[in-house]
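The values are calculated or read from the model by the stated rules, or taken from the named source; none is laboratory data. Keep in mind that what you see is a predicted model, and the values were worked out from it rather than measured. Virtual Cβ from ideal backbone geometry, glycine too; neighbours counted across all protein chains shown.
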Amino acid sequence: MFWTSYFLAVLALVLAWPVPVLLSRAEWPARAPFMAMVLWQAIALAGGLSMIGAMLVYGLEPIGDNLIAGLRSLAGMVLHNEPTTALGFWHLFALSAAALLSAHLVFTLLLTYVKIERQRRRHRELLALLASPSDDGPGTVVINHESPVAYCLPGGARSVTVLSDGLMAALEPAELRAVLIHENAHLSQRHDLLLWAFAAWRQALPWFPTTRLAQVAVNSLIEMLADDVALRTESKGTLIKAIAIVASGSARPVERFGPPGTSERDSSPEDSSLSGTGGADSPRTTASRVSRLLSPKPPLPAAQRALVLAASAMLLAVPTGLLIVPGFLG
Amino acid sequence: MASLGELERAVMDLLWAGQEAATANKLRDLLAQDSAATDGIAGHQGKDLAVTTVLTVLSRLEKKGLVERERGTRPHRYQAVSSRADHTADLMHEALGSAPDREAVLARFIGSVSESEAATLRKLLGKN
């Protein structure tokens, strides 16, 4: 019990700092983006689990030989007013912290979902008024703007891919096809769920290196996954050219018409961050995508893929096992 | 009957094109003119378009914060809160801007690019 909490605390620390730093510097994720994505998810889940688990196990130590027995005694104290004298200050502190952290994580996940959905709905409303349907099939619309822009707005059956006039003018038909396939891959592979989960993860624990590194890595990995889908039907040269044209065009800052604050949306303070261009995260994504396409490395060998998968499974199994198994054995 | 979505779009188009605020009656007449002018077959918005429908559309647009009503006058006169170009710029800001809390809203083909990186890419393009 005692050692379990220390082990989980160490695991949480390792997953919060050195492991994500090493993984974000590694070069193999570009050779196996899907496996890397699985590993990042395992790191995030195992990290959260061992953080909460460590505090829980430490706090319950005096009142139970294992987690399940401890939780049962705790339930007795909470529900039936049994004496809590067995628990010292630090035990109660750890238990409260575990409860707060769990609530914080779940709440942030939900809050992030609501925020993202609200912004998407607003965006969709405006698109319905401003964009016109395109010839490239249902779910694709064109917006009148000179910057070459392509993006998709996920939303289940109402997902929409948006292209700008500037993009249609700048790209050859094959390049445009590559862009559309890329965006549709985001939608069909449900990358929005990954973006949501890791945005919430970062929002919840912004001061942990792991959450920032994970979000940056995931943003970059989903682009690689979508590129790989585009490469199944379009040539590498076409895709590189499309990326280069769009990237070189979109570096220009967007002109803002009218003073800020004219529209209702600008009234909330967080929106002021919209005017800032160039987050610290994204630029490397484009560079790494292009270099990955320009000088391709062979995909990761099957044995190493299996190793990554096994490591991910272990990461999830070890904290879960440590928390639950002693309860069944005892 | 045209869907409310189509009508919202048509009403916004009129308000964005017009210089000054318009009443629901005026908008109804303009909508009737438009559909008569474009085609007779699908002229479903024609004369049978009721002013109350236009008012419904306007109140929906008002709720979305796209249209505002002039207070004090009767009948009420409506106008767009901001121009079409303004709204487009807003959308493009969301699409091109990279505020961290916006990252998850949409998936761009290209994330934000630094000026130096763009220059490198332009050079690359020149070589092709």
Test: residue in segment A:163-178 that is outside any helix (DSSP H, G or I) and either in contact with a Leu (Cβ under 6 Å, 6 or more places away or on another chain) or among the β-branched types (Val, Ile, Thr) (or both): no
When you go through A:SER96, A:SER73, A:SER24, A:SER102 one by one, which is the residue that is under 30 Å from A:LEU307 (Cα atoms) and of a type in the set (S, T, N, Q)? A:SER24
Would you say A:ALA199 is in a helix (DSSP H, G or I), surrounded by 24 or more Cβ atoms within 10 Å (Cβ to Cβ) and modelled with pLDDT of 95 or more? no
Restricting segment A:1-40 to residues that are among the small types (Gly, Ala, Ser) and outside any helix (DSSP H, G or I), the residue that is nearest to A:ASP227 (Cα to Cα): A:ALA32
Per-region count, segment A:296-328, residues closer than 20 Å to A:ALA44 by Cα and charged (D, E, K, R): 1
For segment A:90-98, indicate whether the set of residues that are crowded, with 21+ Cβ neighbours inside 10 Å and either in contact with a helix residue (DSSP H, G or I) (Cβ under 9 Å, 6 or more places away or on another chain) or within 21 Å of A:LEU213 (Cβ to Cβ) (or both) is non-empty. yes
Would you check which residues across segment A:174-191 are at the interface with chain B (Cβ under 7 Å from one of its Cβ atoms) and either in contact with a Pro (Cβ under 9 Å, 6 or more places away or on another chain) or more than 18 Å from A:PRO33 (Cα to Cα) (or both) and list them? A:VAL179, A:HIS186, A:HIS191
How many of the residues making up segment B:70-99 are among the charged types (D, E, K, R), modelled with pLDDT of 90 or more and not in a helix (DSSP H, G or I)? 1
